[in-house]
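The values are calculated or read from the model by the stated rules, or taken from the named source; none is laboratory data. Here the structure is a predicted model, which means the values were calculated and not measured. Every residue, glycine among them, receives a Cβ derived from its backbone with ideal geometry; neighbour counts consider all protein chains shown.
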Amino acid sequence: MRIVEPKVFLVGETRIMKSELNAYLRHIGVPKWKSDATTDAEKLTEVYGRLCYRSFVPGLNPNVKKIRERNKDYLENVIEVKHGSVLEHITLNFIFADVSRVFTHELVRHRVGVAISQESLRFVRLTDLGFWPPLAVRENEKVMEVMSNTFKILEKLQKDLAEELGLDEEDKKFAEKKKLTSAMRRIAPLGSATAIGWSTNIRNLRHVIEMRTDPAAEEEIRLVFGKVAEIVKERYPNLFADYEVEIADGLPWWHTKNKKV
Ligand SMILES: Cc1cc2nc3c(=O)[nH]c(=O)nc-3n(C[C@H](O)[C@H](O)[C@H](O)COP(=O)(O)OP(=O)(O)OC[C@H]3O[C@@H](n4cnc5c(N)ncnc54)[C@H](O)[C@@H]3O)c2cc1C
C-alpha cells in the first residue's frame, strides 16, 4: 500500500499549422494580420472568432469600422457576450494519475465535448494499491489507521487471490487472466489509485472547473480541478482571465462572473 497524491499532466494541446493559416489569411486579403497571443490556443480561438465577422482589420467587412486589436480584449469580449462555440475549437489533453475511482466516476458524468481513456482494472492487476487520504479525515489518527489497514488487507487479498487462481502460471491464457482480474477487482476499494486520460475543449473546461472546484463538490475532484485551473490560468491567461480564486474549506474555488459561456 502506498500513500499517493493526485497528479495532473497537461500532455497535449491544439497547435496551429502556420503555413495553412497564412494561406487562409492571404486568401481573405489580410496576409499581414498578426495576433499578440502568446499561445496557439489563444491565437486560434481569436482566428475562429474573427472569421465569423471578418473582423481581422477594420473595413475588411465594410460593416466593421472598429475592432478590438489585442487578443486579451478580443477574447474578453467573446466570453462576455457568450459567443461560447468559438471556445470549442481548442482541445487540451490531460492525464490524471493517482486519482481514485471516486474521482473518475464523478469526472465521467461530464459527457459533452470530452474524450476519455480509463485505465482498465480488468486488464491491469491491482498489485500495489495507492491511497489518497481524504482531507476530511487525515488529521484523525484512528480513522487513518483503520483506512490504511483496510487498504493493506485488501491489497494482500488481491495477492492471495492471484496466487490461488494461478494468475502467474506460465500457461495461463491472457483471456483467462482478464476474467479473473475482473473478478478480483470487485473487492478492491473505491479509493484505489488509478489513471484516466481526459481531453476536452476550452468551453467545457471552463464549465467543469467552475462546477468541480465549487465548495459543494467532492474534495478530491476539487483538488484535481484546482490544479487544472492553476495550469490553464497560467498557460492561457486570456482564455481564463475572468477566473478568480479564493480558498474555501481549505481548497481553491475558481469562479467567474461569466458562467457557462
Ligand atoms: C456538487 C455535485 C453533486 C452531484 N451529485 C450527484 C449525485 O448525487 N448523483 C448524480 O447522479 N450526479 C451527481 N452530480 C453530477 C451532476 O448531476 C451532473 O451529471 C454532472 O455535474 C455533469 O454536469 P453537466 O450536465 O453540466 O455536464 P455535461 O454532461 O458535460 O453537460 C454540459 C452541459 O450540456 C448540456 N447538456 C448535456 N447533456 C444534455 C442533455 N441530455 N439534454 C440537455 N442539455 C444537456 C447542459 O447544459 C450541461 O450543463 C453532482 C455534481 C455536482 C457538481
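Residue count for the range 140-182, restricted to those that are hydrophobic (A, V, I, L, M, F, W, C), out of contact with any Pro (no Cβ under 8 Å at 6 or more places or on another chain) and touching a residue at least 12 places away in the same chain (Cβ under 8 Å): 6.
Filtered by the rule that a residue be surrounded by 13 or more Cβ atoms within 10 Å (Cβ to Cβ) and touching a residue at least 24 places away in the same chain (Cβ under 8 Å), the range 20-37 gives 21, 25, 28, 30, 33, 35, 36, 37. Whether a residue is surrounded by 12 or more Cβ atoms within 10 Å (Cβ to Cβ), within 16 Å of the ligand (Cβ to nearest atom), at pLDDT 95 or above and not in a loop (DSSP other than H, G, I, E, B) was assessed, and residue 106 passes this test.
Only one of the listed residues (212, 186, 203, 222) is more than 14 Å from the ligand (Cβ to nearest atom) and either at pLDDT below 95 or charged (D, E, K, R) (or both). That residue is 186.
Scanning the range 109-136 for residues that are part of a loop (DSSP other than H, G, I, E, B) and closer than 26 Å to residue 215 by Cβ yields 109, 110, 111, 112, 113, 132, 133, 134, 135, 136.
Let's see how each residue does on (1) surrounded by fewer than 19 Cβ atoms within 10 Å (Cβ to Cβ); (2) in a loop (DSSP other than H, G, I, E, B); (3) touching a helix residue (DSSP H, G or I) at 6+ places or on another chain (Cβ under 8 Å):
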{"site": "210", "(1), (2), (3)": "no, no, no"}
{"site": "220", "(1), (2), (3)": "no, no, yes"}
{"site": "224", "(1), (2), (3)": "no, no, yes"}
{"site": "228", "(1), (2), (3)": "no, no, yes"}
{"site": "231", "(1), (2), (3)": "yes, no, no"}
{"site": "241", "(1), (2), (3)": "yes, yes, yes"}
{"site": "247", "(1), (2), (3)": "yes, no, no"}
{"site": "253", "(1), (2), (3)": "no, no, yes"}
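Residues in the range 8-37 that are polar (S, T, N, Q) and under 26 Å from residue 115 (Cα atoms): 1 in all. Within the range 39-54, identify whether any single residue is part of a loop (DSSP other than H, G, I, E, B), surrounded by fewer than 16 Cβ atoms within 10 Å (Cβ to Cβ) and of a type in the set (Val, Ile, Thr), and answer yes or no. No: zero hits.
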